[in-house]
Amino acid sequence: KAGVTQTPRYLIKTRGQQVTLSCSPISGHRSVSWYQQTPGQGLQFLFEYFSETQRNKGNFPGRFSGRQFSNSRSEMNVSTLELGDSALYLCASSLGRGVGNSPLHFGNGTRLTVT
Amino acid sequence: AQSVTQLDSQVPVFEEAPVELRCNYSSSVSVYLFWYVQYPNQGLQLLLKYLSGSTLVKGINGFEAEFNKSQTSFHLRKPSVHISDTAEYFCAVSDRGAGNMLTFGGGTRLMVKP
């Protein structure tokens, strides 16, 4: 079974631009979560989607948004990019909600560099 | 609000020596606890988890962790490390009922030397 697939692996953007990252979950998984990883702030939760609905949102500005499609694939969008948005963005999928019952499976991430 | 503290940012150790990576958490409710490992240029891989029951949990690659409720700790141990264990290790906590939201510690870089 294929793992969580994130595309692209690397991105370079300029300040002020916007970017869209994609995540394809493991087949059969219905929940997708996004995390941001930076050297300064570490790993921080962005949002969680289940059945095309956002279920949880972390403490990030409105420039960060996401969505989930009927096939469970998810995208996240960052508008008006800032230098501080440079990070590794990790997507994780699980069968359902609740990490106690459905462990998270992480992709290899998309590394975004903002210049 | 939850928080997770990993007390050591780096832990150097010689091959075949034992190692302990420390993790303390704070939460006002019952939690699930996890340890993840991250190799360079890769995502996170689950090592082990504590949900309930026995406080000693065993994971993959010979790792184990012990949940101590009174000390709010969840330290990771391995009796004999290998060069291939060199990686970043993250402790994480989730409130029961918080869906798939994890709060991570800052990470500990384990450096195994020959």
Flag if B:Val93 is touching a residue at least 12 places away in the same chain (Cβ under 8 Å), surrounded by 21 or more Cβ atoms within 10 Å (Cβ to Cβ) and more than 13 Å from the chain's Cα centre (by Cα): no
Any chance A:Asn59 is surrounded by fewer than 15 Cβ atoms within 10 Å (Cβ to Cβ), within 11 Å of chain B (Cβ to nearest Cβ) and either of a type in the set (Val, Ile, Thr) or in a loop (DSSP other than H, G, I, E, B) (or both): yes
Matching entry among B:Thr103, B:Thr72, B:Thr86, B:Thr108 (being more than 10 Å from chain A (Cβ to nearest Cβ) and buried (at least 20 other Cβ atoms within 10 Å of the Cβ)): B:Thr108
Scope region A:101-110; condition more than 22 Å from A:Asn59 (Cβ to Cβ) and either among the charged types (D, E, K, R) or open to solvent by less than 10 Å² (accessible area, probe 1.4 Å) (or both); matching residues: A:Gly107
Residue within region A:19-30 that is at the interface with chain B (Cβ under 9 Å from one of its Cβ atoms) and open to solvent by less than 20 Å² (accessible area, probe 1.4 Å) present: no
Residue, nearest to the other protein chains (Cβ to nearest Cβ), within region A:45-55, restricted to residues that are open to solvent by less than 60 Å² (accessible area, probe 1.4 Å) and more than 10 Å from A:Ser31 (Cβ to Cβ): A:Phe45
Selection within region A:1-35 - closer than 11 Å to A:His105 by Cα and not in a loop (DSSP other than H, G, I, E, B): A:Thr5, A:Ser31, A:Val32, A:Ser33
Residue within region A:99-106 that is in contact with a strand residue (DSSP E or B) (Cβ under 7 Å, 6 or more places away or on another chain), in a strand (DSSP E or B) and not polar (S, T, N, Q) present: yes
Strands (runs of 3 or more DSSP E) enclosed by region B:7-68 - at least 2 residues per element that are modelled with pLDDT under 95 and open to solvent by 80 Å² or more (accessible area, probe 1.4 Å): none
Subset tally (residues that are within 14 Å of another protein chain (Cβ to nearest Cβ), open to solvent by 10 Å² or more (accessible area, probe 1.4 Å) and under 9 Å from the mean Cα position of the chain (by Cα)) for region A:66-100: 1
Search result, residues across region B:8-39 that are over 23 Å from B:Met111 (Cα atoms) and not aliphatic (A, V, I, L, M): B:Tyr25, B:Ser26, B:Ser27, B:Ser28, B:Ser30, B:Tyr32
Total residues in region B:78-92, condition part of a strand (DSSP E or B) and over 14 Å from B:Pro12 (Cα atoms): 3
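The values are calculated or read from the model by the stated rules, or taken from the named source; none is laboratory data. Please read these numbers as outputs of a predicted model, since none were measured by experiment. All Cβ positions, glycine included, derive from the backbone under ideal geometry; neighbour counts span all protein chains shown. Each accessible area value is taken on the protein alone, full model and side chains, heavy atoms only, with ligands, DNA and RNA left out. Shrake-Rupley method; radii C 1.70, N 1.55, O 1.52, S 1.80 Å.
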